[in-house]
Amino acid sequence: MATVYCSACNAQFSADFSQCPRCGIALRGSELSWKRDTVIVSSVNAADEQFSVDVELDSLLLPGQMLDIYQCQKLLGRGGMGIVYLARNTSLQRLCALKILSPKRVEQDDDFIERFQNEGRAAAALVHPNIVTTHAIGQTDDFHFLEMEYVPGGSLQNEIDREGPIGPIRSTSMAAGIAAGLAMAHRLQLVHRDLKPDNVLVTPAGVPKISDFGLAKRIVGEDLPTPSLAGTPYFMAPELFEGRAATPASDVYALGVCYYLMLTGRLPFQGSSISEVMRSILTQSPVGVRRLNPEIPLDMAECVAQLMQRDPQQRPRDGTIAAQMLRAVLGTTRDLTDLVYEAFQGLPGAVWDEEADGSFRVHLTFRDERSQVVHLENSEHSVGERLLLIYSLCCEARPSFYEEALRLNASLQHGGISIRDIDGRPCFVMVDTYPRGTVTAEDIRRSVFELGSRADSIEQRLTGRDVN
């Protein structure tokens, strides 16, 4: 029985289905087998009319069969563009993934070879731990091929199909790795244009690697002619359906869809045709990930929403900014309770308690029996910019203390004196801040003891009392 592929979500299934079993788009008559790699057409309506090409196109190479210097060992995958084999480069005696163009697709698509060569040139320029390395591009007889790094394991989509949601921490870690690969491509002024879980391979160690730069486009200089629609609909940014050019921000949107899918196991938008999917993307808001799974941390939910903003100006502008945001979110997933416990557990003179709002109070006792309270709380900044605020109250900010406070502030090596409204009255406080995503228990311990000691010293010098 023929195997067919959904061009909207890339699911693989047998031709006796009347609709895609993954995303539910209906198939009608001749639309039973869809292009796997992308929709590449002049309009959305055209996409609805030309879903299909049967992938039972070419004879398989037999195990052990030679193609130029490559000895094919087994089939790794196949789709609308061609077939990928595990092969051995007999010249270098190394395993590789050999991607061979479908000769029948070459006959059917005049731009096919140009797209394929574009992939080779684009991918060859990218050397990064989160990108599949392309070693060579070539042709022998009627076969055009790419030699690529062999990544044992499967695609990210295979893992999602098998496991469903893959967990908040792993999803965020995977998204951060993918973003790092995108950042490299964007630094070289390349836009992927077809990022999706099927185009992300996962190593046995869990490292994501972006593959398939067949639609990659340079955003400066001479471009290949490109159609008005190119990509996989469920992962395409709204502006692409409006006829605007692909940018790094549209890759960021696709990353957001991948992140949503990893967290929830479902696509953010639905539809029974590509036109309906397009309308949903252009006019609707996705269901929040926390509504689908309340255990997803708020920072992650905010990050998904930020990556998938309808307005590209409101998204991270490229993979570099997206990677920074995701790494910060990953850092905040370590609970502040754990950090405080690690910082002060077993230390004499430090006792802490947690407030109802999730902030902490650390009670310090010094050798001269004086004491001081230090507060820890998260700032109200947006995700990726959130800070851990560490502060300790010195005393009430009376005008008569200003000159001495300024003199003391100039001599401080760590933190600083500021005025903060405490219970409706202005007070001098010692303040220090750290990026929430990267702060460590050692940072917290050092800062709390330093600020507590300084605040107590200032209180004693200005008031002669021990209140705070």
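Structure above, values below:
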quantity	calculated
Answer from Q313, Q309 - the residue that is farther than 30 Å from I390 by Cβ, among the polar types (S, T, N, Q) and surrounded by fewer than 17 Cβ atoms within 10 Å (Cβ to Cβ)	Q313
Lone unmet requirement of (1) touching a residue at least 60 places away in the same chain (Cβ under 8 Å); (2) closer than 25 Å to R327 by Cα for R115	(2)
Residues satisfying the stated conditions in the range 162-172, i.e. in a helix (DSSP H, G or I) and buried (at least 16 other Cβ atoms within 10 Å of the Cβ)	P168, S171, T172
Residue under evaluation T337, criteria (1) over 17 Å from E385 (Cβ atoms); (2) at pLDDT 95 or above; (3) of a type in the set (S, T, N, Q), criterion not met	(2)
Filter result (in contact with a strand residue (DSSP E or B) (Cβ under 9 Å, 6 or more places away or on another chain) and either at pLDDT 95 or above or not assigned by TED's automatic domain parsing to the domain that holds C303 (or both)) within the range 251-289	D251, A254, C258
Candidate set from the range 440-460 (those that are over 13 Å from F360 (Cβ atoms) and among the hydrophobic types (A, V, I, L, M, F, W, C)); member that is surrounded by the fewest Cβ atoms within 10 Å (Cβ to Cβ)	F449
Unmet criterion (only one of (1) farther than 24 Å from G77 by Cα; (2) surrounded by fewer than 24 Cβ atoms within 10 Å (Cβ to Cβ); (3) of a type in the set (G, A, S)) for G153	(1)
Qualifying residue in the range 276-283 (condition: touching a helix residue (DSSP H, G or I) at 6+ places or on another chain (Cβ under 7 Å) and either assigned to a loop (DSSP other than H, G, I, E, B) or not aliphatic (A, V, I, L, M) (or both))	no
Members of the range 189-242 that are part of a strand (DSSP E or B), of a type in the set (K, R) and at pLDDT below 90	K217, R218
Qualifying positions in the range 418-439 - part of a loop (DSSP other than H, G, I, E, B), without any contact (Cβ under 8 Å) to a residue 60 or more places away in the chain and within 19 Å of F360 (Cα to Cα)	D423
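The values are calculated or read from the model by the stated rules, or taken from the named source; none is laboratory data. Everything numeric in this text was worked out from a predicted model, so none of it was measured. Cβ sites come from the backbone with ideal geometry, for glycine too, and all protein chains shown count toward neighbours.
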